[in-house]
1. Go through segment 211-247 and report how many residues are of a type in the set (Phe, Trp, Tyr) and within 10 Å of the chain's Cα centre (by Cα).
2. Scan segment 225-242 and give yes if some residue there is of a type outside the set (Lys, Arg), assigned by TED's automatic domain parsing to the domain that holds Lys134, in contact (Cβ under 8 Å) with a residue 40 or more places away in the chain and more than 25 Å from Leu39 (Cα to Cα), otherwise no.
3. Does Leu196 qualify as being assigned to a loop (DSSP other than H, G, I, E, B), surrounded by fewer than 22 Cβ atoms within 10 Å (Cβ to Cβ), over 15 Å from the mean Cα position of the chain (by Cα) and not β-branched (Val, Ile, Thr)?
4. Looking only at segment 216-255, count how many residues are under 24 Å from Ala141 (Cα atoms) and of a type outside the set (Asp, Glu).
5. Of the numbered conditions (1) surrounded by fewer than 13 Cβ atoms within 10 Å (Cβ to Cβ); (2) under 22 Å from the mean Cα position of the chain (by Cα); (3) modelled with pLDDT under 95, Ser102 satisfies every one except a single condition; which is it?
6. For Ala157, state whether it is exposed (fewer than 15 other Cβ atoms within 10 Å of the Cβ), more than 22 Å from the chain's Cα centre (by Cα) and outside any loop (DSSP other than H, G, I, E, B).
7. Right, Glu281: assigned by TED's automatic domain parsing to the domain that holds Ala170, buried (at least 20 other Cβ atoms within 10 Å of the Cβ), part of a loop (DSSP other than H, G, I, E, B) and not polar (S, T, N, Q) or not?
Amino acid sequence: MKTSHSLIILVASLVLTVTPLGEAAETKPATPRSRQFRLNIGATVNHLPKRSTVRVWLPVPPSNTSQAVKALAHSLPASASLNREPKYGNQVLYFQKKVGKSGSLDFNTVYEIRRQEVRGLEQARDEKKVLSAKERELYLAANKKVPLTGQPIELLAQLNLAKDKPLALAQQLYNRVDEHVRYDKSKPGYGNGDVLWVCNSKSGNCTDFHSLFISFARSQALPARFEIGFPLPPQRGHGKISGYHCWAMFHIDSRGWIPVDISEADKDPKLKEYYFGNLTENRVTFTTGRDINLVPRQASPPLNYFVYPHIEVDGKPWPREKIELKFSYRDQ
């Protein structure tokens, strides 16, 4: 499928509210909060070797029960194809370009997004609640940095796990992660979702918190998945987006997918109860999963996760520090 200026993505009709989540969970309104904004995802790549071939893969935010996405404009230096990787179903916008005399490359994509607060314990997120055998296998399997045996499971040894009550079990695992891990980005190695590193460091960012939760959950036959995107500040307005945010989902056949955001709970303990089963509207999902192969296939090994543009120059990954990201939002 070829496109250079627009992607047609389903847009749902949601009610826009502007009540920020800065209060205790019991003050939340009767209907879920929602938020409408424009999102600019762009970058400048400089100091490229002349006559080199640059390949660029961009994650595309999906429309789903939590967000409605419409592609407004794409400014790309070459025609692009919209593809879907088969493992998780993530959408990938791809183009390649021969570098000219300038030695630089610019691109930008603009989306209109309506995001809805997720209340996973109050409403069914998916009409199809029971996972297929293939889905269950996928969300119970280990990832490269997410083992299901050994050191992480030893952290559960002292718990009397409610194995026959999956919601209570998930709550125990949520609490255990929050007890063990402190939100702290001062130690080298954070942000890779390396569960063994998290076990030893007892610290990290959102990737580390939720990788440990997924390790716990899958080890107890509770399907779990990794979701990643970008956060927005609760205050409406406009500004730059400086980094990503991620969370986890666990699955119960009688309820569907239920979210947890343990790193946010750790940063704001008064919202710990809220973040078991709920997500604020102040975010946007881009992709699901770990160990991702792109379409068309990248030259590098599978990506640990996919939220930033992946760029390869003459078959080699281009260093992140040589990519000037230009991410911003504007509320509507």
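The values are calculated or read from the model by the stated rules, or taken from the named source; none is laboratory data. What you see is a predicted model, and the numbers here were worked out from it, not measured in a lab. Ideal geometry is used to build each Cβ from the backbone, glycine not excepted, and the neighbour counts take in all protein chains shown.
1. First, pick out the residues of segment 211-247 that are of a type in the set (Phe, Trp, Tyr): 213, 216, 226, 230, 244, 247.
Filter again for within 10 Å of the chain's Cα centre (by Cα), leaving 226, 230, 244, 247.
Looking only at that region, the number is 4.
2. no
3. Numbers: assigned to a loop (DSSP other than H, G, I, E, B): no; surrounded by fewer than 22 Cβ atoms within 10 Å (Cβ to Cβ): yes; over 15 Å from the mean Cα position of the chain (by Cα): yes; not β-branched (Val, Ile, Thr): yes.
No: the conditions fail for Leu196.
4. Residues of segment 216-255 that are under 24 Å from Ala141 (Cα atoms), as a first pass: 216-229, 245-255.
Now narrow it down to the ones that are of a type outside the set (Asp, Glu): 216-226, 228-229, 245-252, 254-255.
Final tally of qualifying residues: 23.
5. (2)
6. Numbers: exposed (fewer than 15 other Cβ atoms within 10 Å of the Cβ): yes; more than 22 Å from the chain's Cα centre (by Cα): yes; outside any loop (DSSP other than H, G, I, E, B): no.
Judged against the criteria, Ala157 is not a match.
7. On the way: assigned by TED's automatic domain parsing to the domain that holds Ala170: yes; buried (at least 20 other Cβ atoms within 10 Å of the Cβ): yes; part of a loop (DSSP other than H, G, I, E, B): yes; not polar (S, T, N, Q): yes.
Yes: the conditions hold for Glu281.
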